[in-house]
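Notes follow the structure.
The values are calculated or read from the model by the stated rules, or taken from the named source; none is laboratory data. Since this is a predicted model, take the numbers as computed values, not measurements. We place every Cβ from the backbone using ideal geometry, glycine too, and count neighbours over all the protein chains shown. These accessible areas exclude ligands, DNA and RNA; they are computed on the full protein's heavy atoms, side chains included. Shrake-Rupley method; radii C 1.70, N 1.55, O 1.52, S 1.80 Å.
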Amino acid sequence: MKEHLDRPMSRRRFLLRAAELGLATGAVGIVGAGILAQQKPSPWDAAAFPPPGDTRVAVLRATGYNGDLERTVMDGIRQVGAVDRVRGASVLLKPNMVEFDPASVINTDPRLVAATVTVMHRLGARSVTVGEGPGHRRDTQYAAGTSGLLDLLRDAGATFVDLNTAALERVTLKSGYTQLGELWLPTAVTRADLVVSMPKMKTHHWGGVTLSLKNCFGAVPGRIYGWPKNVLHWAGLEQSILDVAAAVRPGLAIVDGIVGMEGDGPIQGTPIAAGHVVIGTDPVAVDVTAARLMNVDATRVFYISEAARFLGQGDPRHITQVGEDPERSVTAFQLLPQFANLRIGAPAQGGGGDHAKAAGG
Amino acid sequence: MSSLPPELADRLIRLRNADGGFPPSAGGASEPEPTALAAIALDDAAARGWLERAQRADGGFIVGPAAVSNDSPTPFAALALSPGNAGERAVDYIAGHQAPRLGFDERFPHDPETRGWGWTSRTFGWVEPTARALLVMKLLRPAAREQIADGDRVLSDRECRRGGWNYGNREVLGTAYDPYLQTTAAGLLAVQDRTDPLRDRAVAVIRQLWRAEAGGLGWAMSLAALHANGLREPALEARLSELIGRTNLLGDAVALAWAAIALGPGIERLRIRR
């Protein structure tokens, strides 16, 4: 009954399990250079995930956090045609605040979050809330307060909600990469008209990179799933990213790539000035583009390539890049040796590793 | 014995739901962890009544979906309901629900012979759930020597290089990880009775970290851990009181309950007699 809690689910086991469940086969996106066999299982409800269309992703130059970030965010939102999504909407901004270390760059910078709050108000949002459920820290007041986020939000006119302690409701999953079947998610997330995923551009020591899809982990409440969110690691990190992102369904993504983290991210890595903000309405397309800026081939990141089959657009032929030219905006993020095969142009080695694990963190 | 500041008691009582239980934050449904901690802090019969009604037939207290089965509130519920049959059944549950052993993994090394307790049933043992289960076993079932020894061994194994604890990984991929204030406080509560330097290192970490880690839950649990160990930190106590007055600890019922435990007679329920 609780097989999924007995041991971590490997990619091989995921495929076998999907086959056991008799899930249909077929693919929507073309991203993925053959990570899995040709006959891939499709563990999602096709009615819930219509094929993604063409989409636009904006790459905006921003070299520091003291510049005109409001203009940067406003320009990006306009360039990708997202103004109508904001007007009259209840908006939840979900930054990455998994942990806080004043000497590092783990978090989405609070100044970018505050600038986005202001932009949302200017575009006519009905309400703007910022929510996060830190994955390592249980003391959210420490993480949100010491980082300066709470003070900036007060000045910008947004409320903060601790997604680890907020009221919850049960959500039946419409994808089945894990065997969780359902998630309990904060109503601040499920009832928002627009969820904006605001990740930090970082490498990730288990998943390769962490961007707008992985950032959705912070919506999963620690008081149910533990600190770190061990149930998700146990069920398979990359499979969980897919199911959680498919449940949260962000309608806008704004990536803080002004200063990112390379190497042993998402906590112990080192800062790298990447100088860009990436904005789009399709989180898969945004992650594909942001990975490209990191000189990472998203087609080799298992969870992004899978997400491109049902959750969003991963085919570069259907992603229109606006703003800066991504090819001229690449900053090669240092990768841990086990992820060397994710580098654009690196020899293919089967694509990623099996990063499902029990201990997490 | 300290008396609970009335203003702090009022802040906590205002969170109580009509069913007698306490939610994690205002407006939510009652849950076992905030209710148990509030019952301890306030010596609250209504909260104990809610816990008795919420207790499962197997003695455990679960929050969240059955498939995940987060039973981590059970130790505090056991403490809130003891002495009595309901508390005994909760302790029985804890004794029967240690985490499974995991094989050694060099990416995040740990003692593979240990178990501890997890946040959720049948997953990895972590520092905070292990610490709370260990504390309650020492308080309510001191004869369970094997499980107590295992819990102590987990905390020894997971101790960070400089002392104290984070959520439970002292090292990942060859990098030493630092301790956190809040989890160090959770660990220190459970090792009050130990005479080895581990306890002293935890105290030193708290005294070093609290000024840098300004947050309600970490401060409140740290004060509780120091007081349970017979130690005082007047500056921390003053800063916590100021933070409560200024921010209401973001309305976090667990943090407010820990503050009330730390500053009131509830701390006596957490003190291990040496």
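Is it the case, given these coordinates, that B:ARG162 is over 17 Å from B:ASP193 (Cβ atoms), touching a Lys or Arg at 6+ places or on another chain (Cβ under 8 Å) and surrounded by fewer than 21 Cβ atoms within 10 Å (Cβ to Cβ)? The answer is yes for B:ARG162. A single member of A:SER127, A:SER197, A:SER212 is open to solvent by 10 Å² or more (accessible area, probe 1.4 Å), modelled with pLDDT of 95 or more and either more than 25 Å from A:TYR65 (Cα to Cα) or more than 10 Å from chain B (Cβ to nearest Cβ) (or both), and it is A:SER127. Reported count of residues in the range B:56-74, each being open to solvent by 10 Å² or more (accessible area, probe 1.4 Å) and away from chain A (no Cβ under 13 Å), is 3.
Screening the candidates A:VAL259, A:VAL255, A:VAL248 for the property of being open to solvent by 10 Å² or more (accessible area, probe 1.4 Å), under 12 Å from the mean Cα position of the chain (by Cα) and more than 14 Å from chain B (Cβ to nearest Cβ) yields one hit, A:VAL248. A Cβ distance below 7 Å, combined with a sequence gap of six or more or placement on separate chains, defines the contacts here; from the range A:220-232, residues that are more than 7 Å from every other protein chain (Cβ to nearest Cβ) reach residues that are part of a helix (DSSP H, G or I) and of a type outside the set (A, V, I, L, M) in the pairs A:LYS229/A:PHE217; A:LYS229/A:GLY222; A:LEU232/A:PHE217; A:LEU232/A:TYR225; A:LEU232/A:SER240.
Out of B:GLY168, B:GLY218, one residue alone is in contact with a Phe, Trp or Tyr (Cβ under 7 Å, 6 or more places away or on another chain), within 12 Å of another protein chain (Cβ to nearest Cβ), open to solvent by less than 10 Å² (accessible area, probe 1.4 Å) and outside any helix (DSSP H, G or I). It is B:GLY168.
Does A:GLY226 fit the bill of being crowded, with 24+ Cβ neighbours inside 10 Å and touching a Phe, Trp or Tyr at 6+ places or on another chain (Cβ under 8 Å)?
Details: crowded, with 24+ Cβ neighbours inside 10 Å: yes; touching a Phe, Trp or Tyr at 6+ places or on another chain (Cβ under 8 Å): yes.
Against the criterion (crowded, with 24+ Cβ neighbours inside 10 Å and touching a Phe, Trp or Tyr at 6+ places or on another chain (Cβ under 8 Å)), A:GLY226 qualifies.
Looking only at residues that are open to solvent by 10 Å² or more (accessible area, probe 1.4 Å) and not acidic (Asp, Glu) in the range B:187-207, which one is farthest from A:ARG138 (Cα to Cα)? Reasoning before the result, please.
Step one: of the range B:187-207, the residues open to solvent by 10 Å² or more (accessible area, probe 1.4 Å) are B:193-197, B:199-201, B:203-204, B:207.
From the residues that got through so far, the ones that are not acidic (Asp, Glu) too are B:194-195, B:197, B:199, B:201, B:203-204, B:207.
Working: B:ARG194: 26, B:THR195: 28, B:PRO197: 26, B:ARG199: 22, B:ARG201: 21, B:VAL203: 20, B:ALA204: 21, B:ARG207: 19 Å.
Once the filter is applied, the top-ranked residue is B:THR195.
Those residues that are of a type in the set (Ser, Thr, Tyr) and more than 13 Å from A:PRO228 (Cβ to Cβ), I need them from the range B:108-127; list them, please. B:THR114, B:SER121, listed by residue number.
Inside the range B:92-108, can you point out the residues that are open to solvent by 50 Å² or more (accessible area, probe 1.4 Å) and either over 30 Å from B:LEU42 (Cα atoms) or of a type in the set (Phe, Trp, Tyr) (or both)? Outline the logic, then answer.
Looking only at the range B:92-108, we keep the residues that are open to solvent by 50 Å² or more (accessible area, probe 1.4 Å), and these are B:92, B:96-97, B:101, B:103-104, B:106-107.
Of everything in the range B:92-108, those that are open to solvent by 50 Å² or more (accessible area, probe 1.4 Å) and either over 30 Å from B:LEU42 (Cα atoms) or of a type in the set (Phe, Trp, Tyr) (or both) turn out to be B:ARG101, B:GLY103, B:PHE104, B:GLU106, B:ARG107.
Scanning the range B:140-155 for residues that are open to solvent by 30 Å² or more (accessible area, probe 1.4 Å) and in contact with a Ser or Thr (Cβ under 9 Å, 6 or more places away or on another chain), we see that the one that is farthest from the other protein chains (Cβ to nearest Cβ) is B:LEU140. Does A:ILE272 fit the bill of being under 23 Å from A:ALA48 (Cα atoms), open to solvent by 10 Å² or more (accessible area, probe 1.4 Å), at pLDDT 95 or above and more than 14 Å from every other protein chain (Cβ to nearest Cβ)? No, not satisfied. Would you say A:ALA143 is assigned to a helix (DSSP H, G or I) and out of contact with any strand residue (DSSP E or B) (no Cβ under 7 Å at 6 or more places or on another chain)? Yes, satisfied. Return yes or no: is B:ARG115 in a loop (DSSP other than H, G, I, E, B), within 18 Å of the chain's Cα centre (by Cα), of a type in the set (Lys, Arg) and away from chain A (no Cβ under 11 Å)? In short, yes.
Of the candidates B:ARG89, B:ARG53, the single residue that is away from chain A (no Cβ under 14 Å), outside any loop (DSSP other than H, G, I, E, B) and surrounded by 15 or more Cβ atoms within 10 Å (Cβ to Cβ) is B:ARG89.
Under the condition of being farther than 21 Å from B:ILE13 by Cα and surrounded by 19 or more Cβ atoms within 10 Å (Cβ to Cβ), the residues counted in the range B:234-255 number 1.
Can you tell which of A:VAL73, A:VAL83, A:VAL105 is more than 14 Å from chain B (Cβ to nearest Cβ), farther than 20 Å from A:PRO186 by Cβ and over 19 Å from the mean Cα position of the chain (by Cα)? Lay out the reasoning, then the answer.
Details: A:VAL73 fails: over 19 Å from the mean Cα position of the chain (by Cα); A:VAL105 fails: over 19 Å from the mean Cα position of the chain (by Cα).
Just one listed residue meets the conditions, A:VAL83.
Return a yes/no flag: does the range B:23-38 have any residue that is closer than 16 Å to B:ILE94 by Cβ and either out of contact with any strand residue (DSSP E or B) (no Cβ under 9 Å at 6 or more places or on another chain) or not in a helix (DSSP H, G or I) (or both). Outline the logic, then answer.
Filtering the range B:23-38 for residues closer than 16 Å to B:ILE94 by Cβ gives B:32-33, B:36.
Filter once more, so that each one left must be either out of contact with any strand residue (DSSP E or B) (no Cβ under 9 Å at 6 or more places or on another chain) or not in a helix (DSSP H, G or I) (or both): B:36.
Checked the range B:23-38: at least one residue is closer than 16 Å to B:ILE94 by Cβ and either out of contact with any strand residue (DSSP E or B) (no Cβ under 9 Å at 6 or more places or on another chain) or not in a helix (DSSP H, G or I) (or both).
Looking at the range B:27-44, is at least one residue surrounded by fewer than 16 Cβ atoms within 10 Å (Cβ to Cβ) and more than 14 Å from chain A (Cβ to nearest Cβ)? Let's see the steps before the verdict.
Residues of the range B:27-44 surrounded by fewer than 16 Cβ atoms within 10 Å (Cβ to Cβ): B:27, B:29, B:43.
Next cut, more than 14 Å from chain A (Cβ to nearest Cβ) only: B:43.
Looking through the range B:27-44, at least one residue is surrounded by fewer than 16 Cβ atoms within 10 Å (Cβ to Cβ) and more than 14 Å from chain A (Cβ to nearest Cβ).
Only one of these is at pLDDT 95 or above, closer than 30 Å to B:ALA66 by Cβ and among the small types (Gly, Ala, Ser): A:ALA46, A:ALA62. Name it. Quick ask: steps written out before the conclusion?
Details: A:ALA62 fails: closer than 30 Å to B:ALA66 by Cβ.
It is A:ALA46.
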